[in-house]
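Below you'll find the structure, written out as structure tokens, and then a few comments.
The values are calculated or read from the model by the stated rules, or taken from the named source; none is laboratory data. Owing to the predicted nature of the structure, the values given are computational and were not obtained by experimental measurement. With ideal geometry, Cβ positions are generated from the backbone for all residues, glycine too; neighbour counts draw on all protein chains shown. The accessibility values were calculated without ligands, DNA or RNA, using every heavy atom of the protein model including side chains. Shrake-Rupley method; radii C 1.70, N 1.55, O 1.52, S 1.80 Å.
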Amino acid sequence: MQTYDVIIIGAGAAGLMCAQTAAQRGRRVLVLDHANKAGKKILMSGGGRCNFTNMYCSPEDFISRNTHFVKSALARYTPWHFMELIHKHAVAYEEKQAGQLFCSNSAKDVLAMLLAECEQAGVTLQLKTRIDSVQYQDSDGFKLKTNAHTYQCQSLVIATGGLSIPTMGATGFGYQVAQQFGHSLVPTRAGLVPFTITDEKLKQLCTALAGSSINNCRLTCNGHEFVEDLLFTHRGLSGPVVLQASLYWQTGQPISLDLLNRPDAAQWLLEQQQQRPNIELKTLLGERFTKKIAQLLTEFFNFNNQSLRNYSASQLEHIAQQLSHWSLTPAGTEGYRTAEVTLGGINTNEVSSKTMASKYQTDLYFIGEVLDVTGHLGGFNFQWAWASGHAAGSCV
Ligand code: FDA
């Protein structure tokens, strides 16, 4: 039997932050993971450049049944605390947009930084370990049976993440442990995920435009509005604006796309008609979209392409209406296979927002994405992993 003060299950973003924080306080820490490599999601994040935080992070950027839950941990471990680490390890980074900080070189830099901090603090990391059972006895604390050894620890931290990207090692293990100790779960679903389209005509359009994008589209979904880029795919629609909307979309609901993203679309077309009567509609739209998108949208909406002078005012109003209030209903999402995050998870009403400790089981903690906490796109999910990992690491 090997004994530790703290065992953390999951060597991802939250687990590695928790491990170094606890070990720096002198705790003997073991991190277990069934994968053959730590931090796989860090490596694949942000297109390989890891959007590791957001400078403007605030509780409003997160979804949870208990909207107050994130406040304490986020206030005590801010993006600036993480930036201290980034500077200490001289990780090159850049701001892409709206406070989103990415590695300039590679996500490997962030993982190497976390592993170096863990090593320096004396954390033991054991990969390729399957956990067969978790038991608790008042006298001995937690006992973990694994395919390698049996372990005992005083504090157990669950940092096994959500269900997205099963091929990267995602499992529902954390939910099972939570339920074993009496916790309830908020139903899970895929988030930050592309929409699929089955309507034949719309699918043909998406397939024909796969890989093309429109910048600054306005998307309204279930009372929420986002302005970001839209990407057409072979399966449907993606891009940041769709990923954000997927956090709020419910099956069967329509979404509304404003492709022009201008409040005065009809007025603008009428002005263009006066100023450039001979320009063809698809040529004008090609100034906003690519030529290919303009051509295919003109056909899709049956705009009967011709010089602007030939359209009546009401026809131009109709065109403006179609392009700025395009209502369509996604068939579904691509699901956990490609989702960046999992919505739902362990009910945050049953966990201390200060320490991440279970309210039902002494010395049991839950951190990161396994909890019912989901951030918007833009570095918020990692900031939650760092903040919740630090909160638990400070008291285990
Ligand atoms: P995480 O999933 O990182 O770690 C969980 C660990 O637990 C894994 O190592 C896993 O192997 C292990 N585990 C699971 N089950 C186990 C079991 N049964 N036994 C043992 N170990 C087990 N966020 C962001 O802020 N900026 C970004 O740029 C991106 N980009 C991005 C891209 C893609 C493609 C994805 C899929 C996700 C993102 N994210 C992101 C989201 C971000 O990666 C995610 O929110 C965090 O990694 C969550 O950190 P956790 O530590 O909670 O889980």
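Looking only at residues in region 1-13 that are under 20 Å from LYS40 (Cα atoms) and open to solvent by less than 10 Å² (accessible area, probe 1.4 Å), the one that is farthest from the ligand (Cβ to nearest atom) is ILE7. When the residues of region 205-218 are filtered to those that are out of contact with any Ser or Thr (no Cβ under 7 Å at 6 or more places or on another chain) and crowded, with 21+ Cβ neighbours inside 10 Å, the one that is nearest to LYS292 (Cα to Cα) is LEU209. Just wondering, is there one or more residues in region 273-285 that are of a type outside the set (A, V, I, L, M), open to solvent by less than 30 Å² (accessible area, probe 1.4 Å) and not in a helix (DSSP H, G or I)? No, region 273-285 contains no residue that is of a type outside the set (A, V, I, L, M), open to solvent by less than 30 Å² (accessible area, probe 1.4 Å) and not in a helix (DSSP H, G or I). Selection of first residues in region 122-135 that are touching a residue at least 60 places away in the same chain (Cβ under 8 Å) and of second residues that are among the acidic types (Asp, Glu) and surrounded by fewer than 16 Cβ atoms within 10 Å (Cβ to Cβ), restricted to Cβ pairs under 9 Å at least 6 apart or on distinct chains, gives the following pairs, ordered by first then second residue: LEU125/GLU119.
Restricting attention to region 347-396 and to residues that are closer than 16 Å to ALA178 by Cβ and within 11 Å of the ligand (Cβ to nearest atom), the residue that is surrounded by the most Cβ atoms within 10 Å (Cβ to Cβ) turns out to be ILE367. Within region 46-56, the residues that satisfy the criterion of being over 16 Å from GLY191 (Cβ atoms) and within 10 Å of the ligand (Cβ to nearest atom) are GLY46, GLY47, GLY48, ARG49, CYS50, PHE52, THR53, ASN54.
Here the condition is being open to solvent by less than 30 Å² (accessible area, probe 1.4 Å) and assigned to a helix (DSSP H, G or I); of LEU115, LEU202, it holds for LEU202 alone. Candidates in region 321-346 are the residues that are among the aliphatic types (A, V, I, L, M) and within 17 Å of SER184 (Cβ to Cβ); of these, the one that is surrounded by the most Cβ atoms within 10 Å (Cβ to Cβ) is LEU343. Checking SER246 against (1) under 17 Å from the mean Cα position of the chain (by Cα); (2) open to solvent by less than 50 Å² (accessible area, probe 1.4 Å); (3) free of Cβ contacts under 8 Å to residues at least 24 places away in the same chain, which single condition isn't satisfied? Exception for SER246: condition (3).
Please verify whether LEU243 is under 16 Å from GLN322 (Cβ atoms), out of contact with any strand residue (DSSP E or B) (no Cβ under 7 Å at 6 or more places or on another chain) and part of a helix (DSSP H, G or I), treating the condition exactly as stated. When the stated conditions are applied, LEU243 does not pass them. Yes or no: ALA35 within 13 Å of the ligand (Cβ to nearest atom), farther than 30 Å from TYR248 by Cα and of a type outside the set (Lys, Arg)? When the stated conditions are applied, ALA35 passes them.
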